[in-house]
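A.B. asks: Have a look at this one.
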């Protein structure tokens, strides 16, 4: 696929932007806080209906404006042209359109633009908390299985309902009425069904990406490092991608229900839902040692780079599309050998968008097939603006 055109209206610090993409590589150059990351965030949002940094819709909208609009034209590998359109109005549901037709379900919109984004923040994936690793995993899965987005939303709504019920117990099991017990059993049953589907798809994705990531880790490290990936679950399904076979959903659900019963008193005492995919984690290993504790910074960066390059390969294998590769200020944070690997990977995708504060780092590279735009205060200089 190829992103041909991007239009922004009142998005972040862009009041009115029209940018045409004509070449395989687009480099956005500018100082910090000028709008480079805002621009690629809009692209990422079209692909995932989420952001790698915003926590609420009002953050997307230019100050004193009612809403923000993101539009794009995408060429698919099949030769068809897709027009995407999102209207973001704080406090209201987002308006989604594909080829000018309104889509009520997120899964009807997702999948038309596929991106793999690699940023400085991603380099901290191993050192960050479980929330960051779950977020990486969930956003990646949404592009392969668009219905996953809705499943996450359903699970979160059920979890919120159970959380409210737990708080009404005031920390004591003896306070629970028969009606409340029935409600608790109902929410637990629904959580087990919804949560087991989420966990299954997470395990399936990790199982699919693991051999690619293992091979790339081996190559990047010069044959020195062997990658392991484990899924540590609060429902009693701990899964090692390199060893275990994929469990069936029914097995996950039964484990889930048993664990909910075991943790009942703890959940009531703490007024929290303690069991489920919202508390699971992904652990990475070099050999038999946990990477976030024992691996060097270089080894950790090798793992993250391997994961990102493996996402690209998995998109091509499973979806039969070339994803758009986004590199957000990440090249300067990599040593020369890893930079070289990343530059070489650009040859294997149809389109790459790069942000940088220093264009001189590209002076030795052959970027005849690249457009270079300068970004200053939400304006594209030497590009096409309107």
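A.B. asks: Tell me which label goes with the value of semi-axes √(5λ) of the Cα gyration tensor in Å computed from the coordinates here: (i) 38, 27, 18; (ii) 31, 26, 20; (iii) 41, 28, 16.
C.D. replies: Calculated semi-axes √(5λ) of the Cα gyration tensor in Å: the matching label is (i).
A.B. asks: GNM on the chain, C-alpha springs below 10 Å: top fluctuator among 313, 250, 321?
C.D. replies: 250
A.B. asks: Once each part is reduced to its C-alpha centroid, what is the distance from the range 275-292 to the range 165-241 in angstrom?
C.D. replies: 11 Å
A.B. asks: Cα axis of helix 336-346 to longest principal axis of the chain: angle in degrees, 0 to 90, nearest 10?
C.D. replies: 90 degrees
A.B. asks: Shifting gears a bit: In percent, how large is the relative contact order of the range 1-116, given Cα pairs closer than 8 Å and 6 or more residues apart?
C.D. replies: On the way: 197 pairs, mean separation 31.8, N = 116.
Relative contact order comes out at 27 percent.
A.B. asks: Right, next: Round to the nearest 10 and give me the degree value, 0 to 90, for the angle of helix 297-319's Cα axis relative to the longest principal axis of the chain.
C.D. replies: Long axis of 297-319 versus the principal axis of the chain: about 90 degrees.
A.B. asks: Among 135, 338, what is the fewest-to-most ranking by other Cβ atoms within 10 Å? Mind dumping the intermediate values first?
C.D. replies: Details: 135 15, 338 18.
If I rank by nearby Cβ atoms, fewest first, I get 135, 338.
A.B. asks: Further, regarding this structure: Listing 63, 136 from the residue with the fewest other Cβ atoms within 10 Å to the one with the most, what is the order? Present the calculation step by step, with values, prior to reporting the outcome.
C.D. replies: On the way: 63 8, 136 21.
Ascending number of Cβ neighbours within 10 Å: 63, 136.
A.B. asks: With an 8 Å Cα cut-off and a minimum separation of 6 or more residues, compute the relative contact order for the chain in percent.
C.D. replies: Numbers: 668 pairs, mean separation 102.7, N = 386.
Worked out over the chain, it gives 27 percent.
A.B. asks: Let me ask something else about it. Given contacts defined as C-alpha pairs under 8 Å and at least six residues apart, what's the relative contact order of the range 194-257, whole-number percent? Spell out each step's value before the answer.
C.D. replies: On the way: 59 pairs, mean separation 25.0, N = 64.
It comes to 39 percent, rounded to a whole number.
A.B. asks: Please rank 355, 89, fewest neighbouring Cβ atoms within 10 Å first, as an exposure proxy. Before the final figure, lay out each step's value.
C.D. replies: Values: 355 23, 89 17.
Neighbour counts put them in this order, fewest first: 89, 355.
A.B. asks: For the range 293-354, take the convex hull of the Cα atoms, compute a quarter of its surface area, and give me that in nm², please. Kindly include the intermediate steps, with their values, before the conclusion.
C.D. replies: Numbers: hull surface 18.5 nm².
Hull-based average projected area comes out at 4.6 nm².
A.B. asks: Could you give the angle, 0 to 90 degrees to the nearest 10, between helix 249-262's Cα long axis and the longest principal axis of the Cα atoms of the chain?
C.D. replies: 60 degrees
A.B. asks: Could you work out which residue, out of 323, 247, 211, moves most in a Gaussian network model of the chain, that is, has the largest mean-square fluctuation with Cα springs under 10 Å?
C.D. replies: Ranking 323, 247, 211 by mean-square fluctuation puts 247 first.
A.B. asks: If the elastic network links every pair of Cα atoms under 10 Å, which of 363, 167, 316 fluctuates the most in the Gaussian network model of the chain?
C.D. replies: 363
Each reported figure results from applying straightforward, stated rules to the coordinates on display, with no laboratory input. Every value quoted in this text rests on a predicted model; they were computed, and no experiment measured them. Neighbour counts run over all protein chains shown; Cβ positions are idealised from the backbone, glycine included.
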